[in-house]
Every structure is written in structure tokens, then in C-alpha cells.
Amino acid sequence: MPCEPHLIVKVELWPIDIPMTDPFVVATGSRTVAQNAFVRLTLADGTQGYGEIAPLPEVGGESRESCLIQAQILATGLLRQSPRQYRALAAQLAEQASSFPATRCGFETALLDAFCRSAGVPLWSLWGGGDVRPHETDITIPITDRARTVALARKWYEQGFRLFKLKVGHDVDEDIRRLEAVHDACPGVSFIIDANQGYERAEAVAMVEGARRCESRVLLLEQPLPREDVDGMAALRHGWHVPIAADESVRTLTDLHTVLQHHAADFVNIKISKTGVITAMELAAVARGAGLHLMIGGMVETRVAMGCSFGMVLGLGGFEVLDLDTPLLMASDPATGGFRYDGPRLLPWPEAGSGVVAQPPVSAVVIA
């Protein structure tokens with residue numbers, strides 16, 4: 001009996017290693033190589049959809065090895081299923097692998113991509129196409145010494161970037177000096193100060209006061225305190241009148257309600273690899289409905305996962321701050337097609353699905 005043309009008949013999984021142009025150092029860890037994995041779903045009619053698994057152990061507790069083991073288990077449950085049922089399949093994945101959000105994200109992005117390709121529409125149209133235009137992203141400056149911080153800032157400044165995400169959290173006094181140095185070297189820039197949970201309350205206050213002394217324009221202080229210290233984030237927001245973005249503090253809808261109850265943030269950073277795609281959509285809707293502003297970011301992702309996030313920006317609208325820059329921090333691009341960068345601008349794509357294509361190696365794991 002022939003298979004229905006829209007059913008999944010094959011799942012392919014393979015690891016990818018992409019060197020970073022500079023060590024990606026944040027308060028909780030560092031990366032010199034992006035150790036991710038790709039997913040490719042093939043439907044009976046030949047349509048294919050791509051996804052990316054981008055774990056950060058210090059954020060979600062997942063390693064690539066554990067993700068790939070879990071992914072092989074999940075893949076068998078997707079065979080003979082239709083990506084048209086992506087919401088039901090996402091719920092199934094969440095039930096089977098609740099502690100593997102990056103793994104679920106890889107499958108969810110592939111399901112959405114395959115669904116949209118089979119329908120012949122861009123991924124962003126799935127969410128309505130509410131804001132289809134070029135958007136600007138920030139650029140991340142990792143934790144490094146002052147000279148390298150300034151050199152990186154100048155390089156990106158020359159390419160048109162005017163919003164710098166400065167990673168901090170190892171040494172607040174040196175963090176302030178790095179901020180001052182970039183402020184002096186690059187006139188007219190704005191900053192997101194991202195501590196990735198690296199500060200205690202007194203250190204976060206010192207950072208805010210240091211930024212004010214050098215008259216730097218700080219748009220956001222992102223996740224300054226450990227994720228559990230929601231009271232501390234609320235105190236910073238109200239006592240020092242600094243806009244706070246919650247990232248690691250919001251992984252679930254329960255987390256978001258806690259942040260809302262404590263009035264602990266102005267922005268929520270939505271990340272599909274942190275929560276899965278469907279949960280990310282739900283978080284964005286609840287946060288927006290409660291009056292919070294939306295930011296969207298990612299783990300250390302290529303354009304495969306980041307294209308899905310940009311698709312949410314184009315489709316849903318309402319995202320005020322984009323932190324979709326990690327493909328620019330990699331030494332090579334393993335995918336072709338899809339959105340592209342023009343300096344700090346992300347340009348929409350017209351092709352069906354995400355538009356990206358990535359060729360699996362002969363060593364890819366095949367589940368059929």
C-alpha cells in the first residue's frame with residue numbers, strides 16, 4: 001500500500017563542528033567550537049525539512065552526545081507521521097523528552113520547515129507575516145581582555161553595528177572598564193549588558209552605577225543574577241530604574257508567571273533552543289499579553305535554527321530587540337539559502353520553508 005505523500009519516511013541526524021572566530025566566553029562557560037547537530041526529515045513525496053540541535057550544557061544541561069542519543073529515540077516516533085500535525089507532535093516530543101529542549105527544538109524546526117515546504121510557503125507565513133522587512137540585530141562581544149574587546153567592537157562598528165551585547169560576569173570592575181573602553185572607541189553605540197547569571201546583587205548595582213558614570217547608553221541589563229533570584233531582579237529594576245531582560249529565569253510558562261508576579265523584568269528573551277519552538281511561541285504570546293517587551297535570541301546556533309527564530313520575528317511581529325548574531329561569530333556556514341546578513345541587517349527570504357539546505361555526510365544516522 002503506497003505511503004501518503006506528506007508522511008515522514010526518513011529521519012537523518014548528524015553532528016556538526018564549527019570553529020568560532022573568537023572564543024565565545026560568557027559568565028557560565030566558553031566555546032571555541034559550536035558542537036551542534038542537524039536534523040533532516042524526508043517526506044514520502046521527497047520534501048525535506050531541516051532542524052538544528054544547539055545544546056548549551058550550562059544552560060539546559062544537555063550535551064550533544066546526550067541529545068543525539070535522545071534524538072534517535074524520538075525519531076522513531078515521528079516515522080509515518082505528518083508534519084501537518086506539528087502541534088500534536090511537539091506535545092508528544094515534550095512528553096517524551098521534557099528535559100531535552102534543544103533536542104525537541106531540532107525536531108520542531110524540521111517539522112515546521114517540512115510542513116511549509118510541502119505547502120510551498122515561507123516559514124514566516126505560518127505565523128501570519130506580520131512584520132516582513134529587514135531587521136537589525138545586535139552583535140555579541142564575549143568576555144575577553146580589554147584590548148581584544150575594543151578590537152572586536154571596532155571591527156563590528158566599521159560594519160555598521162550600533163548595538164553591542166557585552167558579555168560580563170567574571171570581574172565587575174574589569175567589566176566596567178571594558179564598557180568604558182568600547183564607549184570611548186565607538187561613538188553613538190548602545191549596549192545590552194549580559195551577565196548570564198554571573199553577578200551577585202552588589203556587583204549588579206556596581207555595574208549599573210559604573211555604566212552611568214561613563215554615560216554609556218545601556219538599553220538592557222540581561223539576566224544579571226542567578227535565575228532563582230527573581231526578587232533581586234525586581235529590586236534592581238525598581239531601585240535603580242534599569243530595564244531588566246529575563247533569559248535563564250524564563251524556561252517555562254511557570255517561570256514566566258513567577259517573573260510577572262514579582263514584576264522582575266521589562267523584557268523576556270525568547271530562545272527556541274532553550275524551550276522548544278511551540279513553547280517559545282506560547283511564552284511570547286503570554287509575555288506580550290502581560291505587557292512585557294519581547295527580545296529574541298539563541299544559543300550558539302547556525303542559520304538553520306536562527307532562521308526559525310527570524311521567521312517568528314517576521315511572522316508574529318512585536319519583537320523589539322533582536323540578538324540573532326551567532327552565525328556571524330562562526331568561521332564557516334554549513335548551510336546555503338535562507339535569510340542572509342547585510343551588516344547588522346537580517347534580510348527576509350522568499351523561498352518555501354526556511355529556505356536553508358544542508359548536506360548530510362555519509363556517516364549520518366538514518367532512521368527509516
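Below, the figures for the structure above:
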read-out	value
C-alpha long axis of helix 86-96 to longest principal axis of the chain, angle in °	70 degrees
Per residue accessible area of region 73-157, 1.4 Å probe, in Å²	41 Å²
Accessible carbon and sulfur surface of the chain relative to its total accessible area, %, 1.4 Å	50 percent
Average Cα contact separation per residue, region 127-243, under 8 Å, 6 or more apart, as relative contact order %	22 percent
Convex hull per residue volume in Å³, alpha carbons only, for region 79-201	178 Å³
Rounded to 10°, Cα long-axis angle of helix 303-316 versus longest principal axis of the chain	80 degrees
Contour excess over end-to-end distance, with Cα ends at residue 253 and residue 85 and 0.36 nm allotted per residue	58.2 nm
Helix-only mean residue ellipticity at 222 nm for the chain, each DSSP H run of n ≥ 4 adding -39500 (n - 2.57), per residue, nearest 500	-11500 deg cm²/dmol
Relative contact order (percent, whole number), region 36-137, Cα cutoff 8 Å, 6+ residue spacing	35 percent
Under 5 Å, built H, 5+ apart or other chain: amide partners of residue 140	165
Area accessible to solvent at residue 217, 1.4 Å probe radius, in Å²	150 Å²
Solvent exposure ordering (accessible area, 1.4 Å, most first) of 113, 145	145, 113
Accessible area expressed per residue, region 217-261, with surrounding protein chains retained (probe 1.4 Å, Å²)	41 Å²
Residue with peak Gaussian network fluctuation, the chain [Cα springs, cutoff 10 Å], from 197, 35, 159	159
Cα centre as origin, Lys/Arg/Asp/Glu Cβ charges: the chain dipole, Debye	720 debye
The chain: angle of helix 172-185 to the longest principal axis, Cα-based, in degrees nearest 10	90 degrees
Residue 351 accessible area, 1.4 Å probe, all protein chains in place, Å² to nearest 10	90 Å²
Other-chain or far-sequence residues with amide H under 5 Å of residue 353's (modelled H)	117, 121, 123
The chain - percent relative contact order, Cα under 8 Å, separation 6 or more	22 percent
Calculated FRET value between residue 262 and residue 217, using beta carbons and R₀ = 25 Å, to 0.05	0.40
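The values are calculated or read from the model by the stated rules, or taken from the named source; none is laboratory data. Bear in mind that the values here come from a model prediction, so they are computed numbers and not experimental data. Note that we place each Cβ from the backbone using ideal geometry, even for glycine, and neighbour counts take in every protein chain shown. Each accessible area value is taken on the protein alone, full model and side chains, heavy atoms only, with ligands, DNA and RNA left out. Shrake-Rupley method; radii C 1.70, N 1.55, O 1.52, S 1.80 Å.
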